[in-house]
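Structure first, then comments.
Only the coordinates and a few stated rules stand behind these numbers; no lab work does. Here the structure is a predicted model, which is why all the values come from computation and not from measurement. So basically every Cβ, Gly included, is an ideal-geometry build from the backbone, and we count neighbours across all protein chains shown.
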Amino acid sequence: MTELALTLRERPRLSAVARRLVWVLVGFAVYCALILLYGKNPLAALHDTFTNTLGSTYGFEQVVIKMIPLVLTAMAVAVPARIGLVNVGGEGQLFLGGLCATGAAITFTSLPAWVLLPLMSLFAIIGGGALAAVAGWLRARGWLSEVFSTVLFNYIAILAVSVLVFGPWRDPTSSNYPQTRLFVPAAQIPHIGSSQVDITVFVAIAVVIAFDLVLRRTRWGLEMRAIGANPQAAARNGVPVRRYIVACMFVGGALAGLAGMDQVAGLQLRLNTGISSGFGYLGFLISWLSGHNPRLIVPMSFLLALLAAGGDVLQITQSLPYALVNVMSAVLLIIVLFGRSAGVRSVS
Amino acid sequence: MNATTTASILATTLALGPSVLYATLGEIVGQRAGIVNLGIEGVMLVGAAVGFAAGVVFGNSYLGLLAGAGAGLAFNMLMAAMTVTRGTNQLATGFALYFLGVGVSTLIGDQYIGSSVGGVGQFHLPGLGLLPHPWSNIFDQDLLVWLMFPTAVLLWWLLFHTRWGLHVRAVGEDRQRAYAAGLHPDRIRYQALAIAGALSGLSGAHLAVAYTKTWQDGITAGRGFVVISIVILALWHPVRAIPGALLFTAAVATGLQLQALGVPVSPFLLDMLPYVVTIAVVLIWGRPKAFAIPAALQEVFVGTST
């Protein structure tokens, strides 16, 4: 590895943070313009957003609740992205993770919580991870780009959840809404004190710290950065690139799967088709907004969680459509990509 | 399976054709110029929403189709401005375009939920109406269905038998050398993406205006992503896109027909069919062939391949 001109430590530049701050301010201005376009007062909308999110304990908890899946799905994109892979399948991996965790929860109902919850997590990890690993394997074999396979797997995984909750797993007592039975208490993720936030938040924090350390301080991280910088050179230096492709996809999918487990066992306490409000897709945006840097993923997830929670609030107080959140998230990424573009300049 | 069922599946296969094939042809032109547009789904959604809105407002479905194509073209210019002029990452930009399209189409379409349009007239090509009963129904199709085959041939001719097509392919293979040879790669890429946007918008608009005739959120249901897979299957060739696109719509049509017959299988399982078929077929036939993929796309996709 000594031949590689890479240092083990990679220092984030402060200017990168400052630049992102400018982009966020531009995005903020666009957001106000969008609200104006709908004939509403942006100041009133911002006031409503802040009093109902950061201004109250309940609201703040709502933001944190949304942050958990966003951090995990953003990491699901960031881990493979460090070796140059594009995982667009966070949404499907989240759904399959939720599905597998539910499978464990409704099968092993008599197990105590300290056995059942880890078992469900394991199922979620395997479910989400396997879906992504298949895509990684197809890529490693050179058969199909992971971009296409992950995006098509999304539709299949989401439909698989529909098949089960409309079919064999449907709770016969809930005639209106297709969903499974409420999980037994042992299958519900405990909350922090009396708050609405469940302990998955610690898992998300641990994942971010662990990935940051792995990337900076271990041989795996060095080899990942080597593949990301130049896969051919890495392969010539003996880095098992194909194995890394499958492994990184598996880890990414597993993290998205855990986000799915959090949604079913921490929030909804059952499986239904509404376990994700596009978290997998938002995670993709967040990872790209953060340049796949775990340290930036947390503040960016916070920002998008605030935006999403604010969207819920404004739907009620200002009757603004929730789709504005999607538009705004996309605009944010467009601003950042437009502002970054340090790469190729056009030739003519 | 009796004759009526078969005829009905074939008729739906053709009727859904434009909602996939035009976008596929557009994506082929774009990718031949070296731009992968992952945001095709978003472009189609915007085309569908604007096309449907225009169809309702003007009371004319043909104007709706035209508006959809125009909206798709305009929306795809954002992709061009980002990737061509600013040199942003194509996949991330495409995804942003997809997400923006989802949001924008919902904002537009929400105001037209419950509205419906008249659709476009269906007719037989001369002679096909003389077929015996269930089979003649297959060919009872609208203008865009009949035009999709000549359009594919036209694009094949444009790409492979005109100077412009040669330039597009040259830019898609090696932008620097095309520039050195005196071409304007950026201008050509803009042109290719304009065609791609218009065709994708037309696909989306056809789905809303001529097929479902009502608006539903997320109406394209992943067709934009399927389209990109069909491009691989077609080996970036317009005429070969026809069987690829019709294979997908045949899978959709079969699922729909089996649901209509009340087959005791979860409808969601049948909805999976087109995606499973697409992946399977791409894996069987479309494994990347080094000779077919425009070289510039290698940078986008296969950057880390060993």
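The range A:14-49 and the range A:245-287 have Cα centres separated by 27 Å.
Counted over the protein assembly as shown with a bin width of 10 Å, the fraction of Cα pairs per bin, in whole percents, is 3, 15, 26, 28, 19, 8, 2, 0. Oblate is the label for the range A:111-220, because a/c, from the alpha-carbon gyration tensor with a ≥ b ≥ c as root eigenvalues, is 1.5 or above and a/b does not exceed b/c. Kirkwood radius and radius of gyration were both taken over the C-alpha atoms of the range B:1-47, and their ratio Rg/Rh is 1.20. For the pair residue A:143 and residue A:243 in one chain, pulling the backbone fully straight at 0.36 nm per residue adds 34.5 nm over the alpha carbon distance. In this simple spin-label model, placing a label point 7 Å from the Cα along the Cα-to-Cβ direction at both residue A:166 and residue A:182 gives a separation of 2.7 nm.
Each listed q (0.18, 0.21 Å⁻¹) maps to a log10 I(q)/I(0) for the range B:1-159 from the Debye sum over equal C-alpha point scatterers, namely -1.15, -1.30.
Every helix of 4 or more DSSP H residues in chain A counts as -39500 (n - 2.57), and over all residues that averages to -23000 deg cm²/dmol at 222 nm. Take the convex hull of the alpha carbons in chain B; its mean projected area over all directions comes to 16.9 nm².
Farthest towards the positive end of the charge dipole of chain A, among the residues A:188, A:281, A:53, is the Cα of A:281, using unit charges on the Cβ of Lys, Arg, Asp and Glu. Within chain A, the proportion of Cα pairs with more than 26 Å between them is 52 percent.
Annotation: extensible slack from residue B:280 through residue B:122 equals 53.5 nm (criterion: 0.36 nm per residue apart, minus Cα-Cα distance). Only helices enter this figure: runs of n ≥ 4 DSSP H residues, each worth -39500 (n - 2.57), summed and divided by the residues of chain B, yield -22500 deg cm²/dmol at 222 nm to the nearest 500. Put simply, the amide H of residue A:179, placed in the peptide plane, has neighbours under 5 Å in A:171, leaving out anything fewer than 5 places away on its chain. Taking θ as phi - 60° and the Karplus parameters 6.51, -1.76 and 1.60, the scalar couplings of the range B:126-139 work out to x, x, 5, x, 7, 5, x, 2, x, 6, 5, 4, 4, 9 Hz in sequence order, x denoting glycine and proline. The simple Förster model, with R0 at 25 Å and r as the Cβ-Cβ distance, assigns residue A:195 and residue A:46 a FRET efficiency of 0.50. Taken residue by residue and averaged, Cβ atoms of other chains lying within 10 Å of the Cβ of A:324-337 number 6.
Over chain A, with a Gaussian network built from C-alpha contacts below 10 Å, which listed residue (A:258, A:25, A:215) shows the highest mean-square fluctuation? Answer for the Gaussian network model of chain A: A:25. Computed from label points 7 Å out along Cα-Cβ, the spacing between residue B:217 and residue A:26 is 3.0 nm. Annotation: amide H-H contacts under 5 Å for residue A:144 (H modelled 1.01 Å from N, sequence separation of 5 or more, or interchain): A:139. Using the Cβ-Cβ distance between residue B:176 and residue A:110 with R0 set to 60 Å, the FRET efficiency works out to roughly 0.35.
Across the range A:133-138, rounded Karplus estimates of 3J(HN,Hα) from the backbone phi angles (6.51 cos²θ - 1.76 cosθ + 1.60, θ = phi - 60°) give 5, 4, 4, x, 5, 4 Hz, Gly and Pro being marked x. Counting only the Cα atoms, the range B:126-285 fills a convex hull of 155 Å³ per residue. Each residue of the range A:246-261 was assigned a 3J(HN,Hα) from its phi angle through the Karplus curve 6.51 cos²θ - 1.76 cosθ + 1.60 (θ = phi - 60°); the sequence is 5, 5, 5, 5, 4, 4, x, x, 4, 5, 5, x, 5, 4, x, 4 Hz, with glycine and proline shown as x. Projecting label points 7 angstrom from Cα along Cα→Cβ for residue A:36 and residue A:54 puts them 2.2 nm apart.
Tell me, what is the FRET efficiency for residue A:122 and residue A:19 to the nearest 0.05, using R0 = 41 angstrom and their Cβ-Cβ distance as r?
0.50
Between residue B:115 and residue B:143, residue separation times 0.36 nm minus the direct Cα-Cα distance comes to 7.8 nm. Dipole magnitude of the range A:74-181 about its Cα centre, charges +1 at Lys/Arg Cβ and -1 at Asp/Glu Cβ only, in debye to the nearest 20? Its charge dipole is roughly 140 debye. When peptides A:324-332, A:227-235, B:217-225 are ranked by their average number of other Cβ atoms within 10 Å per residue, the highest-first order is A:324-332, B:217-225, A:227-235. Look at where the Cα atoms of the range A:109-140 and of the range B:49-67 average out, and the two centres are 47 Å apart.
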